[in-house]
Each structure stands twice: as C-alpha cells, then as structure tokens.
1. Which of (1) part of a helix (DSSP H, G or I); (2) under 14 Å from the mean Cα position of the chain (by Cα); (3) more than 15 Å from PRO28 (Cβ to Cβ) is the odd one out, the single condition ARG139 does not satisfy?
2. Of all residues in segment 27-41, count the ones that are under 16 Å from SER167 (Cβ atoms) and either surrounded by fewer than 18 Cβ atoms within 10 Å (Cβ to Cβ) or touching a Gly at 6+ places or on another chain (Cβ under 8 Å) (or both).
3. Report whether or not LEU138 is more than 17 Å from LEU68 (Cα to Cα), buried (at least 17 other Cβ atoms within 10 Å of the Cβ) and aliphatic (A, V, I, L, M).
4. So, of the residues in segment 42-59 that are under 24 Å from THR166 (Cα atoms) and either touching a residue at least 60 places away in the same chain (Cβ under 8 Å) or touching a Ser or Thr at 6+ places or on another chain (Cβ under 8 Å) (or both), which turns out to be surrounded by the most Cβ atoms within 10 Å (Cβ to Cβ)?
5. Among the residues of segment 93-128, which ones are within 23 Å of GLU186 (Cα to Cα), out of contact with any Phe, Trp or Tyr (no Cβ under 7 Å at 6 or more places or on another chain) and surrounded by fewer than 23 Cβ atoms within 10 Å (Cβ to Cβ)?
6. Looking at (1) touching a residue at least 12 places away in the same chain (Cβ under 8 Å); (2) part of a loop (DSSP other than H, G, I, E, B); (3) out of contact with any strand residue (DSSP E or B) (no Cβ under 9 Å at 6 or more places or on another chain); (4) not hydroxyl-bearing (Ser, Thr, Tyr), which is the only condition ARG102 fails?
7. Which residues, taken from segment 164-189, are in a loop (DSSP other than H, G, I, E, B) and either touching a strand residue (DSSP E or B) at 6+ places or on another chain (Cβ under 6 Å) or surrounded by fewer than 22 Cβ atoms within 10 Å (Cβ to Cβ) (or both)?
Amino acid sequence: MADSKLSGHSVLVVVANYGVEQDELLVPVQHLRDAGAEVQIAAVSSDPIQTLVGDKDPGQKVTPDRTLDDVDASAYDALVLPGGTLNADALRLQDKAVALVRAFPSAHRPVAAICHGAWGLVEADVVKGKTLTSYPSLRTDIRNAGGRWVDESAVSDNSNGWTLVTSRTPDDLEDFLKAIEEALTEPAS
C-alpha cells in the first residue's frame, strides 16, 4: 500500500527526450508516487524518453505524461530537474523549460535538482544568493551565477522565500528524496 504522507501534493518532473540519467528520473518519480504525490513527467515532445545509465548506456524508455508546451506551472507544488549531462544541456536551450524553472521560485514553490540538473537553475538565473550542490563540474557555473557551491550529498536552502533542494549524483538519491519530502511538507522560511 502506498504511503500517503505526500497525498495532495503534485510534482512536475521536466526532462528532455534523450539523455536523462535513468535513476535520477525513475527513482524520484517512483518514490514520490509511493509516498502519495501525483507526479507528472513533462518532456520536450511526446516521443518516448530514452534514459541513459552513466551518461552513455541506454536505459529504460519512459512515456512522458505531457509535453513542456502543455504544462501550467501553477498546477504543481514542486519541480524536479533530474540530471544527465545531455538531458540538462538540451533543456537549458528550451525556452519553455527555462520559463518553468523560473516560475516555481517566483511562486515560492520548491525546486529540486540533482547532478547536471542544476544547469537549468543557472540558465533560469535563480541561484543568486542560494547555497547548493551539483555534479562537481558545475561548481564554476554556479559560482558565476551568484550561488554558493558546496560538496554535500543534499542541500536545502530556504532563503528568499522558496526552497531549493540539490544533490550531486545518483549515489545521493536517498538524501535527495528525504529533502524533497521535507520541502513539500514544511513551509519555506
């Protein structure tokens, strides 16, 4: 039986149709659904999403629930940005994806990004004054965008009226998921 601690919460997961890191998409989606949240995956197109394992080996294919063009950000309580180098790089070139990333902080709603997913935060210009983590190769990008990069498994920053949850790699998923749950159930300070 599904846990219901996130019942009544809706979460949007945004990905490109190719290159998302398999575990950074599938593990959070399943975990949040098991905890009672309604989770929808939005991709650039309605084509199947080809996940990758370790940024190179084909993983599972996933059918998106909707496209970026069909998303109304106000319908969701939180946004999750999985990583995968190719996924994150492609998404930051999608105006609709960048606009979605901006919409959540503007509405004081949580955003969670893991690994290279933080590139979307940099592109949306929402990291200034925030403390966050990511895959280590993004630290200079984050610092240049005004964020404070730290090397921790998961970081929650509740400053500026919205919560930003970040994590480094799939190895940190347990801490990342716990921080997302807390962001959904505890108000930002």
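1. Single failed check for ARG139: (2).
2. So the count comes out to 0.
3. It is true that LEU138 is more than 17 Å from LEU68 (Cα to Cα), buried (at least 17 other Cβ atoms within 10 Å of the Cβ) and aliphatic (A, V, I, L, M).
4. Among those residues, the one meeting the criterion is ALA43.
5. Within segment 93-128, ARG102, ALA103, SER106, ALA107, LYS128 meet the criteria.
6. All conditions are met except number (2).
7. Across segment 164-189, the qualifying residues are THR169, GLU186, PRO187, ALA188, SER189.
Coordinate-derived values only; no laboratory data. None of these values were measured; they are calculated from a predicted model. Counting neighbours? That spans all protein chains shown, and the Cβs are built from the backbone with ideal geometry, glycine included.
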